[in-house]
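To start, the structure under review is shown below, and the notes come after it.
Please treat every number below as a calculation from the coordinates, not as lab data. Everything numeric in this text was worked out from a predicted model, so none of it was measured. Positions of Cβ are backbone-derived with ideal geometry, glycine not excepted, and every protein chain shown enters the neighbour counts.
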Amino acid sequence: MPSHYSDADLHIWSVPTPTGSQLLPACGIAWGIKLDGKKNVVVTTIGDAATRQGDFFEAICFAKEKKLPVLFVVEDNAYGISMPTRKTNPLALDILEQENWRHIEGQDVQQVYDATAEAFEKIRAGGGPFFFWIKMERLSSHTSSDDQKLYRTAEELRDLEKSDPLAFWKDRLIKEGVITQKDYAELDNEIKERVRREYAEAEKAEDPSPNELLANVTKPPPKLEKEILPPGKYRIGDTVNRTLHAGLEEDRFGFCSAKI
């Protein structure tokens, strides 16, 4: 699926297919950042329907307990595939504390930017996690195997374009005189041409080899030559703990990233 991408240089980690399962690893990364005394911030997103998953509640509890440098963003487009969620999500059911969540209109780019800048500043100052509940519209069907015309009214579908963040932002910039309609048309054409060019180049690339499936997934574990524990009876937790410590002593960063 096109949403499953990552970029090590940009510190972007792919969203996994099991809904909500990215939140706890995000907390783990944020915890590591805090332990290292760094000023980085983790941003993790989740859909409105997936906020009923157990991972969601575990993650927000852990983040608050440890005051982790993480921003949780709920993208509320009102549907879990074909099921409406505005009356059944944990915020609507008063399971979550309303005052903990900042409500934001997703089509307003400036509002999202300003709220995020404020959150980053407070998180970096040690204020702990922030929580955004962003109301937005899903502009197309859930996937190519879904047809939202079957469960959304024609009037609702006609109004979707009004909530397109790109169109909303374009109209605002033109109205405020930041850009002209001609500026936008030129930029729009330039970007579309770039997408077409890069798509064509990607189409010419060779398909990946099945032999590369496991390449760069994890680093080989360090070779431990010394005895970790002398012969005897030990609790399994102690042996695992000592083994991990020995591995980290040999290769702290590589061993740690492989295990994470």
*asked:* How large is the convex hull of the C-alpha atoms of the stretch 139-205 per residue, in Å³?
replied: 114 Å³
*Farthest positive-ward along the stretch 59-141 dipole, Cα basis, beta-carbon charges - from 96, 81, 61*: 61
_Counting only pairs 8 or more residues apart or on different chains, how many lysine pairs in the stretch 163-224 have their Cα atoms under 28 Å apart?_
5
*asked:* Binning at 5 angstrom from zero up to the longest distance, how are the C-alpha pair distances of the stretch 159-198 distributed in percent?
replied: 5, 23, 22, 22, 19, 8, 1
*Could you give the Stokes-Einstein D for the stretch 10-161 in µm² per second, using the C-alpha Kirkwood radius, 10 °C, 1.306 mPa s?*
96 µm²/s
_From Cα pairs below 8 angstrom and at least 6 apart in sequence, can you work out the relative contact order of the stretch 1-133, rounded to a whole percent?_
25 percent
_Just to confirm the number: angle between the C-alpha axis of helix 165-175 and the first principal axis of the chain, 0 to 90 degrees, nearest 10?_
50 degrees
*Rounded to 10°, Cα long-axis angle of helix 181-204 versus longest principal axis of the chain*: 50 degrees
*Cα centre as origin, Lys/Arg/Asp/Glu Cβ charges: the chain dipole, Debye*: 940 debye
*In percent, what relative contact order does the chain have, based on Cα pairs under 8 Å that are 6 or more apart in sequence?*
13 percent
_Computed FRET value (nearest 0.05) for residue 166 with residue 35, which takes r as the C-beta separation and R₀ as 35 Å_ = 0.35
*Work out the count of Lys pairs in the stretch 1-131 where the Cα-Cα distance is under 25 Å, with the pair 8 or more places apart or on different chains.*
15
*asked:* What are the equivalent ellipsoid semi-axes of the chain, built from the alpha-carbon gyration tensor (square roots of five times its eigenvalues), in whole angstrom, biggest first?
replied: 40, 25, 20
*Mind listing P(r) for the stretch 164-260? All alpha-carbon pairs, 10 Å bins, whole percents.*
12, 20, 14, 13, 16, 14, 8, 2
*asked:* Can you give me the orientation-averaged projected area of the convex hull built on the Cα atoms of the stretch 92-144, in nm²?
replied: 5.2 nm²
*Once every DSSP H run of n ≥ 4 in the chain is given -39500 (n - 2.57) and the sum is divided by its residues, what mean residue ellipticity at 222 nm do you get, rounded to the nearest 500 deg cm²/dmol?*
-12500 deg cm²/dmol
_Loop sites in the stretch 155-260: trypsin sites (Lys or Arg not before Pro), DSSP, at most 12 other Cβ within 10 Å_ = 223, 226, 233, 235
*Mind pulling the angle between the C-alpha long axis of helix 236-250 and the longest principal axis of the chain? Nearest 10 degrees, somewhere in 0 to 90.*
80 degrees
*With contacts defined as alpha carbon pairs under 8 Å and 6 or more residues apart, what's the relative contact order of the stretch 115-260 in percent?*
14 percent
